[in-house]
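The values are calculated or read from the model by the stated rules, or taken from the named source; none is laboratory data. Small disclaimer: the values here were computed from a predicted structure and weren't measured. Don't worry about glycine lacking a Cβ; one is built from the backbone with ideal geometry, like all the others, and counts go over all protein chains shown. Note: areas computed on protein heavy atoms with side chains; ligands, DNA, RNA excluded. Shrake-Rupley method; radii C 1.70, N 1.55, O 1.52, S 1.80 Å.
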Amino acid sequence: MSIVLDIVASIGLWAAVLRIATPLIFGTLGALLCERAGVLNLGIEGIMTFGAMIGWLAVYQGADLWTGLLVAALSGAVFGLLHAALTVTLGLSQHVSGLGVTLFASSLSYYLFRLLVPLSGSPPTIEPFAPLSVPGLADLPFIGPVLSAQTPPTYLALLLALGLAYAIFRTPLGLAIRMTGENPHAAEAQGVDPMAVRYGAVIVGSALMAVGGAFLTLSAFNSFFPTMVQGRGWISIALVVFASWRPGRALFGALLFAFFDAFQLRLQTVVDGVPYQLFLMTPYILSIVALCVMARHARVPQALMQPYRRGER
Amino acid sequence: MTETVLEIDRVSKSFGGNKANDAISLTLGRGEIVALLGENGAGKTTLMSILFGHYVPDEGHIRVAGVDLPPGRPRAAIHAGIGMVHQHFSLAPNLTVLENVMTGTEKLWSWRSQTGRARAKLKALAERFGLVVDPDARLGDLSVGEQQRVEILKALYNDARILILDEPTAVLTNLEAETLFATLKEMARQGLSLIFISHKLDEVMAAADRVVVLRGGKLVAERRAGETSKAELAELMVGHRVARPVREAHERGAPVLEAAAVSVRVDGVDRLREISFRLHAGEILGIIGVSGNGQAALAGLLSGTLLRSSGDILLYGEGVGDLSVAETVASGIGRIPEDRTREGAIGEMAVWENAVLERIDEPRFSRRGLVNRSAAVAFADAIVRSFDVRGGGPLTRTRLLSGGNMQKLILGRNLAEHPRILIAAQPARGLDEGAVAAVHARILDARKAGTAVLLISEDLDEVIALADRIQAIVGGRLSPPVSADEVDARALGLMMAGAWKKEAA
């Protein structure tokens with residue numbers, strides 16, 4: 001038991017929690033924004049993979065790290081545009097379109113990577129983001145050292161969660177987005193263009209997903225390999241439900257999942273005789289349990305996955 | 001005449017060769033209430049959709065206070081002071097009242113929603129017109145009547161001077177409808193102008209200053225409410241004389257369905273409390289009451305979807321245990337559910353599929369797990385013919401039928417099999433005059449043929465015209481039965497208010 005307490009009280013664990021949570025925060029917020037407007041975006045897994053690849057590639061080709069993030073965001077926006085064109089303008093099934101975008105974006109990232117980066121024994125690397133120490137914050141007990149181990153995109157993710165919560169619940173645009181996700185006909189009748197809102201939300205949301213992917217190659221690691229997103233996109237989709245479509249809770253959910261993950265990693269090293277695969281499973285099992293507890297009474301946006309066609313009820 | 005605020009000038013609109021509106025002209029004065037009367041499909045809703053900018057007219061103009069309104073732009077209509085209250089509310093149940101009202105009213109790209117100011121404005125409007133509602137309540141938690149208030153407030157919040165209401169009472173109880181019309185009159189008194197669409201003659205006569213009748217896309221008549229009668233309007237609307245059929249004296253048979261002190265609990269709430277009734281073959285027993293007093297539980301109990309918590313049910317003189325839906329069908333109980341689109345028929349399926357769905361297990365319609373499609377289609381075709389279902393055949397998707405025709409299909413599906421008992425919940429709700437008469441005639445035919453009919457309704461006229469005996473349902477309790485020949489509308493009104501309880505005590 002004291003081993004467990006030691007792990008929980010260690011700065012290293014909490015630093016890892018924030019690091020592991022960062023791509024999930026970006027992904028979850030991106031998916032949440034799309035869904036608040038009524039569009040499920042299962043393109044997330046592929047978009048994150050592509051963001052990881054293209055962000056890394058940009059830096060590998062000589063761009064600076066922030067430009068790498070920006071390039072990733074733009075690539076996400078392009079895939080978002082594709083998904084929006086298929087689901088909003090053409091009104092196609094959001095599931096099928098999203099899975100299509102994921103397959104397309106993943107394959108395209110492997111292809112471009114192979115095309116532009118010569119095959120070698122050890123993967124090529126870049127110089128990733130360095131940890132950032134914010135004066136004032138860094139001096140806080142416990143929290144200070146935890147935060148000082150983080151890179152700038154992690155700070156960005158935390159601020160983004162707060163910003164998105166504010167935007168969704170406190171601004172006219174946020175209300176227009178929510179109304180579009182609940183009842184696009186009502187939005188239209190009040191002079192809001194639901195098509196435009198959905199396009200905007202899907203494009204911006206997809207850009208956030210891609211930034212989440214780029215964090216993996218520009219901060220968490222320093223190289224790209226095709227399977228590195230490892231289901232983080234799917235976890236994000238589940239976290240949106242867990243969060244009941246609220247950005248604050250999405251942040252909490254991402255941190256909780258990251259906690260399970262970081263915790264099991266450390267537990268592996270101190271507990272003998274248990275196959276490590278069992279530890280690997282725990283965060284996913286606990287996520288399912290948490291989902292069952294938290295999401296049963298979630299208020300799903302009423303128009304989620306319903307294509308909007310003008311003049312049709 | 002007073003100052004004209006709205007002028008519809010020879011507006012026409014066609015859908016695929018079908019003229020929904022044919023050169024309709026209409027004016028609306030300040031402080032005036034105009035009723036737009038017509039059967040379903042007469043073009044009322046099309047006209048109002050053009051007015052509100054949902055459709056672009058093929059020809060014609062709309063002028064608000066003398067200024068042309070650009071066609072096909074809801075925003076321009078809102079800006080010109082036109083507010084629309086749709087029959088199916090344009091509201092988001094997960095958002096609060098205030099959020100529903102505020103959507104789209106502020107500049108989209110501002111840093112902060114001015115909720116404080118909006119709340120104050122909403123409260124002021126609510127007080128001015130007597131539309132009380134909590135701004136911070138979640139919309140989905142409100143009753144239908146309250147939700148409609150929010151729809152009206154939404155229009156007023158956008159500074160509407162002209163309010164269009166599309167069949168505003170279709171979803172309301174009688175009491176709510178009365179409150180609504182009092183509110184509308186108060187609005188007109190304060191200088192607003194209103195158009196409401198309806199096919200109910202009573203409310204048109206009661207609430208409108210002027211009545212405009214549409215038929216087949218044309219404006220056929222315009223009358224001042226004081227200078228016309230229900231009979232005249234009914235004739236104008238349908239194009240020929242219609243009379244709702246009335247029951248004739250008729251010998252009733254033996255009791256077929258009896259309930260003795262039956263209670264039903266749903267989710268810990270008592271929906272029915274020790275109700276008793278006795279339904280005879282060849283009679284219609286009317287259960288009258290304001291909706292929400294246990295009618296849904298009663299219909300559910302007798303259709304096999306709800307189980308009783310205590311009491312006894314006798315079917316054909318014998319006690320029965322809990323009946324499943326399939327057993328009720330098998331024992332000759334026909335059912336007309338209250339909500340035909342949700343429980344009565346499956347819109348995306350073809351007419352023939354809906355016609356045989358509850359009998360699909362019978363050998364004539366399926367054998368060894370395979371559907372005998374030709375037999376099923378023939379069965380549906382027979383219903384379509386004998387019950388005069390118009391607007392499609394057995395292969396039509398059911399969603400495409402009008403409400404009246406869908407109801408005829410449901411009625412036909414039940415009556416074609418000569419049920420011994422028919423549970424009819426609000427069978428004529430939302431139907432136009434012609435369809436109401438047809439449905440009533442069919443129910444009376446069934447009675448004549450010896451079917452026992454339990455008619456659950458909140459329409460006094462309907463119950464008085466059809467039922468032999470009447471019991472009121474209030475708060476899950478049933479009054480003792482009264483003979484329909486011995487009561488009038490006033491006495492029934494008292495019963496619906498629960499007046500019998502005092503006598504009993």
Under the rule of at least 5 residues apart or a separate chain, name every residue whose amide H is placed under 5 Å from the amide H of residue B:220.
B:213, B:214, B:215
Per residue of region B:420-435, in order, report the coupling 6.51 cos²θ - 1.76 cosθ + 1.60 (Karplus, θ = phi - 60°) as ³J(HN,Hα) in whole Hz, putting x for Gly and Pro.
7, 9, 10, 9, 10, 9, 6, x, 10, 4, x, 8, 7, 3, x, 5
A:34, A:292, reordered so the largest accessible area comes first (probe 1.4 Å):
A:292, A:34
Accessible-area value, residue B:343, 1.4 Å probe, nucleic acids and ligands omitted, Å²
130 Å²
Enumerate the amide H contacts of residue B:271 below 5 Å, restricted to partners 5 or more residues apart or on another chain; note that Pro and chain-start residues carry no placed amide H.
B:264, B:265, B:266
How high is the relative contact order of chain A, in percent, counting Cα pairs under 8 Å that sit 6 or more residues apart?
36 percent
Show the residues, 5+ positions off or on another chain, whose built amide H is closer than 5 Å to the amide H of residue B:59.
B:12
Measuring with a 1.4 Å probe in the full set of protein chains, what accessible area per residue, in whole Å², belongs to chain B?
44 Å²
Quick check: at a probe of 1.4 Å, how many percent of the accessible area of chain A sits on carbon and sulfur atoms?
70 percent
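Would you mind calculating the relative contact order of region B:369-505 from Cα pairs under 8 angstrom and at least 6 residues apart, reporting the percent as a whole number?
Reported as a whole number, the value is 15 percent.
Taking the Cα centre of region B:81-203 as origin, work out the dipole magnitude from +1 charges on Lys and Arg Cβ and -1 charges on Asp and Glu Cβ, in debye rounded to 20.
Once rounded to the nearest 20, the dipole reads 620 debye.
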Can you list the HN-Hα couplings for region B:182-191, worked out from phi with the Karplus curve (6.51, -1.76, 1.60; θ = phi - 60°), rounded to whole Hz and with x for Gly and Pro?
4, 5, 4, 5, 5, 5, 4, 4, 8, x
Pick out which of A:227, A:269, A:171 has the largest mean-square fluctuation in a Gaussian network model of chain A, springs linking Cα atoms closer than 10 Å.
A:269
When the protein assembly as shown is reduced to its Cα atoms, the Kirkwood hydrodynamic radius in Å
30.7 Å
Taking the dipole about the Cα centre of region B:1-148, with the C-beta of Lys and Arg at +1 and of Asp and Glu at -1, give me whichever of B:83, B:118, B:49 is farthest to the positive side.
B:118
For chain B, what is the calculated [θ] at 222 nm in deg cm²/dmol (nearest 500), taking -39500 (n - 2.57) for each run of four or more DSSP H residues and dividing by its residue count?
-9500 deg cm²/dmol
Under a 1.4 Å probe, counting only protein heavy atoms, residue A:245 has an accessible area in Å², nearest 10, of 10 Å²
Please average, across the residues of A:63-75, the number of beta carbons from any other chain that are within 10 Å of each residue's own beta carbon, and give a whole number.
0
Put B:173, B:305 in order of accessible area, largest first, probe 1.4 Å, and you get B:305, B:173
Which of A:134, A:230, A:40, positive extreme of dipole for chain A (C-beta unit charges):
A:40
Which value, in debye to the nearest 20, gives the size of the charge dipole of region B:4-238 about its Cα centre, when Lys and Arg are +1 and Asp and Glu are -1 at the Cβ?
680 debye
Based on DSSP H runs of at least 4 residues, each adding -39500 (n - 2.57), what is the mean residue ellipticity at 222 nm of chain A after dividing by all its residues, to the nearest 500 deg cm²/dmol?
-22500 deg cm²/dmol
Using the Cα gyration tensor of chain B, with a ≥ b ≥ c the square roots of its eigenvalues, what is the shape: rounded (a/c below 1.5), prolate (a/b larger than b/c) or oblate (neither)?
prolate
Links that overshoot a 22 Å alpha carbon limit, given the list B:19/B:44; B:154/B:185; B:200/B:448; B:19/B:230; B:44/B:200; B:19/B:408:
B:200/B:448; B:19/B:230; B:19/B:408
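What percent antiparallel are the DSSP beta bridges of region B:4-238, to the nearest 5?
Counting only bridges with both partners in region B:4-238, antiparallel ones make up about 55 percent.
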Mind ranking B:240, A:297, A:185 by accessible surface for me, highest first, 1.4 Å probe?
A:297, B:240, A:185
Classify region B:291-372: rounded, prolate or oblate, from the alpha-carbon gyration tensor (a ≥ b ≥ c, eigenvalue square roots; a/c under 1.5 rounded; otherwise prolate if a/b is larger than b/c)?
oblate
Computed ³J(HN,Hα) along region A:195-210: with the Karplus parameters 6.51/-1.76/1.60, θ = phi - 60°, integer Hz and x for glycine or proline, the list is 4, 4, 4, 5, 4, x, 5, 5, 5, 5, x, 5, 4, 4, 4, 5
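What does the buried accessible surface come to for A and B, summed over both chains, with the probe at 1.4 Å? Round to 100 Å². Mind showing how you got there, number by number?
Values: alone 14610 and 23490 Å², together 35770 Å².
Chain pair A/B: roughly 2300 Å² of buried accessible area.
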Rounded to whole Å, √(5λ) for the Cα gyration tensor eigenvalues of chain A, largest first, gives 32, 24, 19
Please give the solvent-accessible surface of residue B:477 in Å², to the nearest 10, using a probe radius of 1.4 Å with every protein chain present.
100 Å²
Farthest toward the dipole's positive end in region B:4-238, which of B:14, B:233, B:129, given Cβ charges of +1 (Lys, Arg) and -1 (Asp, Glu) about the Cα centre?
B:129
Compactness of region B:4-238, expressed as Rg and Dmax over alpha-carbon positions, Å
17.6, 58
Using the crude model of +1 on Lys and Arg Cβ and -1 on Asp and Glu Cβ, and no other charge, please compute the dipole size for region A:34-179 relative to its Cα centre, in debye to 20.
340 debye
